[in-house]
């Protein structure tokens, strides 16, 4: 199964077609996209938090909301222990330490002509001792999302960069 429509950018279309394939029996080798979420500051990625996780295909019509009905990607990622994140956590003067978890939501809206409209949002959350989300600490919705050969630029250059690559996961019960 391929993604339901063309998004108008071949390198990104290949990622979507691949992740939209139905999982095999017993969910072995389920297709997913591994992501790395970065926020550049002064053209570097050293101070702001980085996140890494998995995105899965979300078929059309699974949510009652207007945007949620669109096909897209959905997933969670964990805060990476980078130098900047560790300094933020350990520094007593840090006003708000980085969230431990991020939910990434991406939807695609087919256009009459040209590339698809991309809708993206991030929801930052704190977690409990079992790494289960307990509290939303911030949300970001983007005004401009651009597809690239390696992922998405969201409100570039001040926003976030979502880098994507293919992977498979073993889902077990």
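Computed from the coordinates by the stated procedures, all read-outs in this text should not be read as laboratory data. Quick caveat: nothing in here was measured; it's all calculated off a predicted structure. Using ideal geometry, Cβ is built from the backbone for each residue, glycine included, and neighbour counts are taken over all protein chains shown.
Summary table below
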read-out	value
Length released on extending from residue 112 to residue 139, taking residue separation times 0.36 nm less the Cα-Cα span	6.7 nm
For the range 99-152, convex hull of alpha carbons as volume per residue, Å³	93 Å³
Over the range 10-169, relative contact order from alpha-carbon pairs under 8 Å, at least 6 apart, %	24 percent
Nearest-ten-degree value, helix 10-19 long axis tilted from longest Cα axis of the chain	90 degrees
Antiparallel bridges, percent of DSSP beta bridges restricted to the chain (to nearest 5)	100 percent
Alpha-carbon Rg with Dmax, taken over the chain, Å	16.6, 52
Packing-based ranking, highest mean first, of 51-60, 110-119 given that Cβ atoms within 10 Å are counted	51-60, 110-119
